[in-house]
1. Can you give me the span-like helices of the chain, meaning DSSP H runs with 15 Å or more of Cα extent along the axis and Kyte-Doolittle mean at or above -1.0?
2. How much accessible area does Arg137 have with a 1.4 Å probe, in Å² rounded to the nearest 10?
3. Using DSSP, restrict attention to beta bridges with both residues in the chain and report what percent are antiparallel, rounded to the nearest 5.
4. For Glu95, Glu158, give me the order by solvent-accessible area with a 1.4 Å probe, most accessible first, ignoring ligands, DNA and RNA.
5. Give the distance, in whole Å, between the Cα centre of segment 135-180 and the Cα centre of segment 214-229.
6. Heavy atoms of the protein only, probe of 1.4 Å, neighbouring chains included. What is the accessible area of Asp131 in Å², nearest 10?
7. Where does each of Lys141, Lys156 land when they are ordered by accessible area, with a 1.4 Å probe and the largest first?
8. Find, to one decimal place in angstroms, the Kirkwood hydrodynamic radius of the chain, where the mean of 1/r is taken over every pair of different Cα atoms and then inverted.
Amino acid sequence: MLETRDLTIRFGGHVAVDHVSCAFAPGTLTAIVGPNGAGKTTYFNLISGQLPASEGQVLLGGEDITALPAPLRTRRGLGRAFQLTQLFPNLTVHENVRLAIQAREAGRGRGGLDLWRVWLDRRAWIDEAQDILAQVRLADKGAAHASSLPHGDQRKLEVALLIALDPKVFMFDEPTAGMSVDEVPVILDLIRALKSRQDCTILLVEHKMDVVRELSDRIIVLHNGALVADGEPAAVIASPVVQQAYLGMAAEEPA
């Protein structure tokens, strides 16, 4: 579904992502971990088009999308949630989601000047937006402005926008950052539900290792922009090199 080949970016003399080659299959969740400054978010930015690559390629469904800007990558099926929420603050919660649905349908070439069809579509968009808000437990806040929501609810709303876009690839950059203990399970349940569909690819940058252990099928580890480990979660987490140098954890003593 998604592949990077020798993906690289340089800022002056600093190589922030260093020839990272990785393929991500449908129906899988890959966690991307590493210490602060390892290049995880930069790697995400290269994949989603927020940054141009110095070298290498990004392929989606076998198509080279390296030269495409971020909006066109979104239309091709790359969905991205950010560390800092990206919302329309002056629109209501419901309007935010409905706008994402309309953008999705416009990208698929659906629409036209038939007023009856436009009315029916609008009704369908309203109903779908309400259903998505129920999934993220914001159904009772549809009339509130996005800017008025507490941080945890803004995170939920951003996930709702991502669900509304219905991408082929879901990219979550620390989706539980800044959320209370009570709010985190909502986001994790949504990610589990997406994973159970088996028709999409999920990439997750996350520092909470309990979340990584529970959700991921695979872990890749970045350090100084380079890919240094890639494999099943148990094997990667158990590696003394990864524990000590890349995850900031002490190596576990043998039982």
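The values are calculated or read from the model by the stated rules, or taken from the named source; none is laboratory data. Quick caveat: nothing in here was measured; it's all calculated off a predicted structure. Ideal geometry is used to build each Cβ from the backbone, glycine not excepted, and the neighbour counts take in all protein chains shown. Surface accessibility is based on the protein's heavy atoms, side chains included, excluding ligands, DNA and RNA. Shrake-Rupley method; radii C 1.70, N 1.55, O 1.52, S 1.80 Å.
1. Details: long enough: 93-107 (22 Å, -0.30); 115-135 (30 Å, -0.34); 151-165 (22 Å, 0.33); 184-196 (18 Å, 1.25).
Long hydrophobic helices here: 93-107, 115-135, 151-165, 184-196.
2. Surface open to solvent at Arg137 totals about 140 Å².
3. On the way: 20 of 37 bridges.
Antiparallel bridges make up about 55 percent of those DSSP assigns within the chain.
4. Numbers: Glu95 65, Glu158 10 Å².
Solvent-accessible surface, decreasing: Glu95, Glu158.
5. Here the two parts' Cα centres lie 25 Å apart.
6. Per-residue accessible area (Asp131): approximately 90 Å².
7. Values: Lys141 70, Lys156 20 Å².
Highest to lowest solvent-accessible surface, that is Lys141, Lys156.
8. Details: mean 1/r = 0.0521 Å⁻¹.
Taking every pair of different Cα atoms in the chain, averaging 1/r and inverting gives 19.2 Å.
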